[in-house]
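Visitor: Following this message is one structure expressed as structure tokens.
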Amino acid sequence: MLLHIAAAVMLTNIALLEIYSLHDLSDIPDLPKPMDVRYLPDENPLYRVFVYGTLKRGEPNHSLISDAANGYSKFLGLGRTSVPYPLIIATRYNIPFLLKKPGVGHHVIGEVYDVDTKMLSKLDELEEHPGFYERAMADVILAPERKLKGTDKFEEVGTMMKVWIYFLPKFRESLLETPMYSLYSNEGSHGLKYCETYVRDSMYNHRCEVQ
């Protein structure tokens, strides 16, 4: 498990160089504090998080959010962003990114979880918040999975709420010309397989050959 997480973090480090130039982190403003007042029995606060990529069920990094050793997490249902965002797959490692460009792309579908402070810290570590991804609050429509018969039913059966989402805040404008998705799957017809297996098995190599 530790090797898996370390590999994912290393992958993100390399991808950082391909997405945007290094910048002074001192100019990143403090994010608003969570507006969540729910607590576990031990008074540990819970945070509501929307995941759209490799952390989802059945995806390569889901073991992080499902492993109790990393903290508490509970799947609440499916979520869809209230406004469109560009969800793309980029870099030689085929990483899914949600670009911080509201109004462009599609309403993105993902999963919503309640997580405790420890799990949120693990997610921040994986996503390298705030130096790479930026965790920010945004509106999504949360709907029980059992009530959804299609992706067009969120308004009918769901509830609007604020959640934490990991965005890529700085990126090359040319990325907006790449294909955009409303729903990510590593097994999708795009054929762009996430490279976690390569990184896990060959941590000291510098290139990832994607078929």
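The values are calculated or read from the model by the stated rules, or taken from the named source; none is laboratory data. Worth saying up front: this structure is predicted, and the values here are computed from it rather than measured. Cβ coordinates were reconstructed from backbone atoms using ideal geometry, including for glycine residues, and neighbour counts include every protein chain displayed. Just the protein is used for accessible areas: all its heavy atoms, side chains included, with ligands, DNA and RNA removed. Shrake-Rupley method; radii C 1.70, N 1.55, O 1.52, S 1.80 Å.
Visitor: Given a 1.4 Å probe and heavy atoms of the protein chains only, how would you sort L176, L99, largest accessible area at the top?
Guide: Ranking L176, L99 by accessible area, largest first, yields L176, L99.
Visitor: Can I ask one more? In debye, nearest 20, what is the charge dipole magnitude of region 74-148 about its Cα centre with +1 on Lys and Arg Cβ and -1 on Asp and Glu Cβ, if you could check?
Guide: Magnitude of the dipole: close to 260 debye.
Visitor: Relative to a virtual label point 7 Å from the Cα of S185 in the Cα→beta-carbon direction, which members of region 44-63 show backbone nitrogen distances below 12 Å?
Guide: Of the residues in region 44-63, 58-59 have backbone N under 12 Å from the label point off S185.
Visitor: Write out the GluC sites (Glu not before Pro) in region 147-188 meeting two conditions: DSSP loop, and at most 16 other Cβ atoms within 10 Å of their Cβ.
Guide: Answer in residue order: E187.
Visitor: So which lysines pass the test for K74, namely a Cα distance under 25 Å, with those fewer than 8 places away in the same chain ruled out?
Guide: Straight-line reach from K74, under 25 Å: K33, K56, K118, K122, K147, K149, K153, K162.
Visitor: Given the Cα-Cα distance of E125 and S66 and 0.36 nm per residue of separation, how much length would full extension add, in nm?
Guide: 19.7 nm
Visitor: What figure, in Å² to the nearest 10, do you get for the accessible area of S66 with a 1.4 Å probe and non-protein molecules left out?
Guide: Taking all protein chains as shown, S66 has close to 70 Å².
Visitor: How far apart, in nanometres, would the label points at E156 and D139 be if each is projected 7 angstrom from Cα along the Cα-to-Cβ direction?
Guide: Output for this residue pair reads 2.2 nm.
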